[in-house]
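Everything on this sheet refers to the single structure shown next.
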Amino acid sequence: MVRDEDRAPSFAPTPALAAALAERGADRAHLSMTHDAGVATAFVIVESAGAAAASEGPASARGAAMSEARSTLASSPQPGLPAAEQGSETS
């Protein structure tokens with residue numbers, strides 16, 4: 001993670017990031033971070049301006065990205081959450 005001149009966070013351009021984006025058919029990632037009362041949250045938006053995204057339409061690409069993000073979050077350990085609640089979603 002790096003910060004620009006306005007201190008906005010972003011991902012450092014690395015070969016690993018480029019490979020991860022290419023694997024998903026994406027070409028850029030946006031990062032937003034916040035914290036309060038000892039809890040930190042980060043949001044990542046991954047997008048593509050490529051022909052594949054245009055042919056599927058924005059709603060289809062967005063839906064696939066959201067599905068992948070939910071899957072990744074559900075399988076990630078969540079510090080501070082009891083083991084019984086790890087991976088469970090709330091509405």
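When Glu89, Glu68, Glu85 are checked against the criterion of being modelled with pLDDT of 55 or more, of a type in the set (D, E, K, R) and on the phi < 0 side of the Ramachandran plot, a single residue qualifies: Glu68. Across segment 1-18, the qualifying residues are those that are of a type in the set (A, V, I, L, M, F, W, C) and closer than 14 Å to Ile45 by Cα, and the one among them that is least open to solvent (accessible area, probe 1.4 Å) is Leu17. Within segment 19-39, restricting attention to residues that are part of a loop (DSSP other than H, G, I, E, B) and aliphatic (A, V, I, L, M), the residue that is surrounded by the most Cβ atoms within 10 Å (Cβ to Cβ) is Ala26.
The values are calculated or read from the model by the stated rules, or taken from the named source; none is laboratory data. Since the structure is predicted, the reported quantities are computational estimates derived from the model, not experimental observations. Reconstructed Cβ throughout: ideal geometry from the backbone, glycine too, with neighbour counts over all protein chains shown. What goes into the accessible areas is simple: the full protein's heavy atoms, side chains included, and nothing from ligands, DNA or RNA. Shrake-Rupley method; radii C 1.70, N 1.55, O 1.52, S 1.80 Å.
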